[in-house]
Amino acid sequence: MYLLYSFLTLAVFVLVSPYFLYQAIRHNKYIGSLGQRLGYLPVSLNVDGEESIWIHAVSVGEALTARALAADLKERYPRLRLYLSTTTIAGQHVARRSLQHVDAVFYFPFDWAFIVKRTLNIVRPRVFVMMETEIWPNLLRLCRARGVKTVLINGRISSRSYPRYRIIRPFFRRVLADVDRFCMQSDESARRIVELGADPAKVTVTGSLKFDSLEMPAVVSHGKPRERVLRFFRLSPNRMVLVAGSTVRGEEPAVLKAFARLKGASPSALAILAPRQPERFGEVERLARDSGFVTARRSDLPIDTEPRADVVVLDTIGELAQLYQVATVVFVGGSLVDHGGHNILEPAVFGKPILFGPHMQNFKEIVDAFVGNGAAVQVGSERELEQAMISLATDPVRRAKLGAAARALVEANRGAKEKTLAVIADLLPPAGSGVVRPFRLVH
């Protein structure tokens, strides 16, 4: 079955290679990372051949979540190097900038045995840590053969992905047997991973590491914010700001339409649009200009001044999380169209009123808790988004209640980090052990 899997992944790679070739030519993507993806890591990455802990975080969100563990892992295992790999270019940039405790960052290899062996020979992991549900059969099989412990952390299986896994359940069961421990975000995800073949004795419900990875609000020192991005948004105290984060194609027109109504009530209002995909920066900028708004890119803003534009397109990577704190109202994208939603915890930690659409199935447990506790507003359509946005913009009392509830819910649900570290300690002594209790979102 592993041979068939390798053949099928090769076939898929051949089929999609024209797309990657186009991206390489059009956007200069993937070219510089190809060597590492083929397992050719620089010898300087581990010149002395030291053993390590290897964390894999597919993209930006997972890389930022890994911050919750990095410092503690370095402290508990000082003799081991700490490496982090990513799949996406954006994740690579964020990891290099945001994870100071990691010894090196590299691109994740293609999951073919001969390539994975090259990577394992350089990285020499004692433990391989997978963020969320990044399950790669050949890598896990080779880790098992070499005695490398493996653990899935912050794991989740959404209602959307669960049917796909069930289709390949016989093979998936064999793959899961190569994983030593599973740290799942919720009882529901734990139940699903067991139904798919994981040994219940290996499964622990730890909660979501996203709560523990959140950075607290930046501290202002001598009139200058700690986060550099905030210096490009020196805003007047009463200026209303809409931040639309991680938007995908099909959402910006609805956001801009709602913002046009918001401008009618508050002429000085500012919208900050942060497209999920960097290659869409230009497209979103054109959409805003065609809608009649004075539009600028974040990279073109002068420092320590107030933006004079109506709309700013955030054309940078890794700044959105901190930029949420200037918002009056937040819309989290990937939710008006069926993309499964995006992380709502980043604006929640700043106590911001949060709006999102009906398609949040990838974050179901968190969304249910937020909506149920009056900590966020879920809308069912573009029209409802417009109405909710205007309602919140004109009701400061409701904004404050939503924001306070969101911040309180974040604080109440921290704690997954210690439970996850305890599971890793069981696999890799001599870290101290502790009792890991089931986690449930606090309501």
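The values are calculated or read from the model by the stated rules, or taken from the named source; none is laboratory data. Just so you know, these numbers come straight off a predicted model, no measurement behind them. Note that we place each Cβ from the backbone using ideal geometry, even for glycine, and neighbour counts take in every protein chain shown. Quick note on the areas: whole protein, heavy atoms, side chains included, nothing else; ligands and nucleic acids left out. Shrake-Rupley method; radii C 1.70, N 1.55, O 1.52, S 1.80 Å.
Details
This table checks each residue for (1) hydroxyl-bearing (Ser, Thr, Tyr); (2) modelled with pLDDT under 90; (3) touching a strand residue (DSSP E or B) at 6+ places or on another chain (Cβ under 6 Å).
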position: ALA404; (1), (2), (3): no, no, no
position: LEU409; (1), (2), (3): no, no, no
position: LYS417; (1), (2), (3): no, no, no
position: THR420; (1), (2), (3): yes, no, yes
position: LEU427; (1), (2), (3): no, no, yes
position: ALA431; (1), (2), (3): no, yes, no
position: LEU441; (1), (2), (3): no, yes, no
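- Selection status of VAL179, modelled with pLDDT of 90 or more, touching a strand residue (DSSP E or B) at 6+ places or on another chain (Cβ under 6 Å), open to solvent by less than 10 Å² (accessible area, probe 1.4 Å) and more than 30 Å from ALA309 (Cβ to Cβ): yes
- Every residue from the stretch 180-213 that is aliphatic (A, V, I, L, M) and in contact with a helix residue (DSSP H, G or I) (Cβ under 6 Å, 6 or more places away or on another chain): MET184, VAL194, LEU196, ALA198, VAL203, VAL205, LEU209
- None of ILE354, ILE344 is closer than 23 Å to GLY155 by Cα, under 19 Å from the mean Cα position of the chain (by Cα) and either of a type in the set (Asp, Glu) or at pLDDT 95 or above (or both) except ILE344.
- Matching residues in the stretch 83-106 - criterion: being buried (at least 20 other Cβ atoms within 10 Å of the Cβ), modelled with pLDDT of 95 or more and not β-branched (Val, Ile, Thr): TYR83, LEU84, SER85, PHE106
- Of all residues in the stretch 133-175 being open to solvent by less than 10 Å² (accessible area, probe 1.4 Å) and β-branched (Val, Ile, Thr), the one that is nearest to MET1 (Cα to Cα): VAL175
- Considering residues of the stretch 27-41 that are open to solvent by 60 Å² or more (accessible area, probe 1.4 Å) and free of Cβ contacts under 8 Å to residues at least 24 places away in the same chain only, the residue nearest to VAL151 (Cα to Cα): LEU34
- Every test in (1) within 21 Å of the chain's Cα centre (by Cα); (2) closer than 23 Å to ALA90 by Cα is passed by THR119 save one, and that test is (1).
- In the stretch 261-281, of all residues being open to solvent by 10 Å² or more (accessible area, probe 1.4 Å) and among the basic types (Lys, Arg), the one that is farthest from MET360 (Cα to Cα) corresponds to LYS263.
- Hits in the stretch 387-411 (condition: more than 20 Å from the chain's Cα centre (by Cα) and open to solvent by 50 Å² or more (accessible area, probe 1.4 Å)): GLN387, THR394, ASP395, PRO396, VAL397, ARG398, ALA400, LYS401, ALA404, ALA408
- Wholly within the stretch 101-157, strands (runs of 3 or more DSSP E) carrying at least 1 residues that are within 23 Å of LEU196 (Cβ to Cβ) and without any contact (Cβ under 8 Å) to a residue 40 or more places away in the chain: 149-155
- Selection of the stretch 118-136 for residues being among the β-branched types (Val, Ile, Thr) and within 18 Å of LEU82 (Cα to Cα) yields THR119, ILE122, VAL123, VAL127, VAL129.
So that you can scan it fast, the table gives a plain yes or no per residue for (1) within 29 Å of ILE89 (Cβ to Cβ); (2) at pLDDT 95 or above; (3) among the β-branched types (Val, Ile, Thr):
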site	(1), (2), (3)
LEU242	yes, yes, no
GLY245	yes, yes, no
VAL248	yes, yes, yes
ALA254	yes, yes, no
LYS257	no, yes, no
ARG276	yes, no, no
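- Looking only at the stretch 38-71, and only at residues there that are among the charged types (D, E, K, R) and at pLDDT below 95, the one that is nearest to ARG96 (Cα to Cα): ARG67
- Residue match in the stretch 164-179 (condition: over 30 Å from LEU80 (Cβ atoms) and within 24 Å of the chain's Cα centre (by Cα)): yes
- Looking at the stretch 7-76, the helices (runs of 4 or more DSSP H) lying wholly inside it that each contain 3 or more residues that are out of contact with any His (no Cβ under 6 Å at 6 or more places or on another chain) and charged (D, E, K, R) sit at 67-76.
- Checking ALA244, ALA258 one by one, the residue that is open to solvent by less than 10 Å² (accessible area, probe 1.4 Å) and assigned to a strand (DSSP E or B) is ALA244 and no other.
- Here the stretch 282-306 is the region considered, the condition is being in a loop (DSSP other than H, G, I, E, B) and among the acidic types (Asp, Glu), and the residue that is surrounded by the fewest Cβ atoms within 10 Å (Cβ to Cβ) is ASP304.
- Residues that are without any contact (Cβ under 8 Å) to a residue 60 or more places away in the chain and open to solvent by less than 10 Å² (accessible area, probe 1.4 Å) within the stretch 68-82 comprise ALA70, LEU82, listed in sequence order.
Let's see how each residue does on (1) closer than 21 Å to PRO42 by Cα; (2) not aliphatic (A, V, I, L, M):
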| position | (1), (2) |
| --- | --- |
| ILE115 | yes, no |
| ARG124 | yes, yes |
| VAL127 | yes, no |
| MET130 | no, no |
| LEU139 | yes, no |
| ARG146 | no, yes |
| THR150 | no, yes |
